[in-house]
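Comments concern the structure below.
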Amino acid sequence: MIIVTAGHVDHGKTSLIEALTGTNADRLPEEKQRGMTIELGYAFMDLSDNQRLAFVDVPGHSKFINTMLAGVSCAKHALLIIACDDGVMPQTSEHLAILQLLNLEHLIVVLTKQDKVDSARIEAVKEEVNQLLSHNHRNSPIHVVSAQTGLGIAELNQAIKQLAKTQIDELSRASEQASFRMAIDRVFTVKGAGVVVTGTVISGQVSQGESLYVSGLSKAVKVRTLHSQGRVSEHAYTCQRVALNVTGTNQHRGIQRGDWLTALAPLAPPKVICGVFETCLPFKHWQSVQVHLGNSHTTARIGLLEMLSDNQALVELQCEQVFSCVEQDRIIIRDAAAKTTLGALRVLDIAPPNRGKRSPQRLSYLKTLKESGTLSSSLLAQTAAHCVLKSTFIWANQLSANSDLLSLSESIHDVDGYLVSEVLNEQIEQQLLTLVSEYHQASPELLGLTINRLQRMTHGQYPLAVLMRACDNLSLKNRLNSTRGLVHLPQHNLALSNDELLQWQQIKQYMLTAGGPLWTSDLAQHNNLNLDVVGPLCRKLVQLGYISAIIKDRYVLTERLYFYANVIRDQIKTHGEIKTADFNSMIQLGRKASIQLLEFYDRSGLTWRKKKDNSRVIRDSSIFITSDLAEEHRS
């Protein structure tokens, strides 16, 4: 467990930590010389059951607010320290406002320097503090102490240990559900050991010998040894200070302060982030701002999507640089001059769409995510709106392999790596039925359409695997049929009229005599038919499976394709390959027709062309088998 400090400069934060732990958190010579905290400091307190509590001491000066944000960005517990002689000061209010934006769980107010004032002054400061807490809707205990005389230190120590006792077990259970994630705040080298990184474990747990990923680096690093809460350990858990000795770092870029260390292989970090903005001060659409998360910091523009009640708004951050974050992270947003804190963004979507950002459906979806208080409700909301890639959801929520959430309920299906709710699946099925029905009305002369074309008609809204599963389900319910790869309604039957049947007999006889592929114009000319009649008839015959188009407007009898496939198979079985010249000499149809046929087989998957010598080998021998040819397609 970690407790951070907060408060105005020179209010005794470091002295209080030293009185509680016996450790001076100021480690830099300049800090000791000036008597002021500049960098983050750390100290540890021993608890029962071999547990330890960590303190993060943050600077109180306004010039070091960025360092303060790095120290408290993932805090759950804090000490707000106020000197009795000064009372509430500007950084006191600002630090408390920031802690409020970070959804702090526990806050203990400590009034220091009791030995410098009288009891009347203490009561006045208490009243001032109560007003500040009331303004921020907090009801926190107040402890009066003196680091110099030791007054109140024992009582504060006991209160902190009691809080830690109730929280550590809960944090251990949370570590099992989440994947390891750590914000790196220091990187240095130790002679004989190598690179050491330190930081706060945001979620999950890590063990010695485990492989981890650094944001910005593609190759994993390995944990050689680790320190947890200031001691040598084999494991580290959520809300602990950790130092990791890692190997396998990139010598060109290396690990940098502000990077993230994760157990999951990172996805490409976003530059556009959607979320709910909890505002402290008014802001303008497209205002330039500075954003902070952990030790990461960049500039951005804030785009307003919709204003909500209670000083909240749905916004979109357009970052200048990629910004690593996951869902439910709280990003502190300050004005461009870094003078004031505007609010905090709770991340809802790290992969927002490029279009329709303010459409009613999109805004409704974001509001649903905003109201989702748990991961399970968030998953239900997402899978009801669109197909969710399972690996993306796991990364966006930093879930471990042991997470209960991965044991999907009956209302959510895993379709080839995509999570789809029952509600969305029913919508997809209904949409497919509507599209197929409309297609039949527009093109009654065609049997149906392919699944790939159906996907294009949905504007790529659904993955192919999900559409195929929906079609299979509809087929089982006898609401859709699939004939030779064409999807159609059961009541839609394609048949030749009497005139078309006579024309087909003429065309078939001519194709049998010719033996090879024929152009539409050849068929029309030979049978004294209009080209406008032959074209649609040929396309209909293709749908029925009687003929096949090897290229546009050039057709061959389907049974001849099976015959030529056997020729190719026999040649490759004997010689290991087939060349264009060999195939041409066998079928005697001319080099151009031979090439077109071979390329058709390449596209169909029967053969594979070797570019080196332009020969072919078998790719899939299970297709174009003569026994599979339907009886009505035989002569």
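Just so you know, all these numbers are worked out from the coordinates, no wet-lab data involved. Please read all numbers here as calculations on a predicted model, not as lab measurements.
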Task: Other-chain or far-sequence residues with amide H under 5 Å of ARG52's (modelled H) - done: LEU47
Task: Reduced Cα scattering model of region 430-525, Debye log10 I(q)/I(0), q = 0.12, 0.14, 0.24, 0.25 Å⁻¹ - done: -0.53, -0.66, -1.16, -1.24
- [ ] Compute log10 of I(q)/I(0) for the chain with the Debye formula, placing one identical point scatterer on every Cα and leaving out solvent, at q = 0.08, 0.10, 0.11, 0.12 Å⁻¹, to two decimals.
- [x] -0.75, -0.95, -1.07, -1.21
TODO: Show that you can apply the helix-only estimate: for the chain, add -39,500 (n - 2.57) for every DSSP H stretch of four or more residues, divide by all residues, and state [θ] at 222 nm to the nearest 500.
DONE: -11000 deg cm²/dmol
TODO: Pull up all non-local amide H partners of GLY199: gap of 5 or more, or a different chain, and H-to-H distance under 5 Å with H placed in the peptide plane.
DONE: ASP185, VAL242
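Do you know the relative contact order of region 500-633, to the nearest whole percent, from alpha carbon pairs under 8 angstrom that are 6+ apart? Working shown, then result.
Working: 138 pairs, mean separation 27.5, N = 134.
Result for region 500-633 is 21 percent.
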- [ ] Would you mind checking LYS508/LYS540; LYS13/LYS161; LYS284/LYS357; LYS191/LYS219 for any pair whose Cα atoms are more than 20 angstrom apart?
- [x] LYS191/LYS219
TODO: Divide the volume of the convex hull of the Cα atoms of region 473-526 by its number of residues and quote the answer in cubic angstrom per residue.
DONE: 111
Task: Amide H contacts under 5 Å for VAL415, placed H, 5+ residues apart - done: VAL420
- [ ] Starting from the Kirkwood radius over alpha-carbon pairs of region 254-403, derive D by Stokes-Einstein at 37 °C in a medium of 0.692 mPa s and give it in µm² s⁻¹.
- [x] 205
Open item on the list: Relative to 2.2 N^0.38 Å, what does the C-alpha radius of gyration of region 3-91 come to as a ratio? Two decimals please.
Closed with: 1.05
Task: Partners for LYS32 among aspartates and glutamates (Cα-Cα distance below 18 Å; same-chain residues under 8 apart left out) - done: ASP10, GLU18, ASP57
- [ ] Equivalent ellipsoid semi-axes for region 222-327, as square roots of 5 times the alpha carbon gyration tensor eigenvalues: give them largest first, rounded to whole Å.
- [x] 35, 17, 11
Task: region 2-174 pair-distance distribution - Cα-Cα, 10 Å bins, rounded % - done: 10, 41, 38, 11, 0
- [ ] Divide, for region 114-212, the radius of gyration over alpha carbons by 2.2 N^0.38 Å, where N is the residue count.
- [x] 1.64
TODO: May I have the extent of the alpha carbons of region 380-494 along their three principal axes, as whole Å values ordered from largest to smallest?
DONE: 53, 25, 23
TODO: Could you state, as a whole-number percent, how many of the C-alpha pairs of region 500-633 are farther apart than 17 Å?
DONE: 58
TODO: Starting from 0 in steps of 5 Å, tell me what percent of the Cα-Cα pairs of region 571-635 lands in each bin.
DONE: 4, 16, 23, 25, 19, 9, 3, 1, 0
Open item on the list: Please report the equivalent ellipsoid semi-axes of region 1-46, computed as sqrt(5 x eigenvalue) of the Cα gyration tensor, largest first, in whole Å.
Closed with: 17, 12, 10
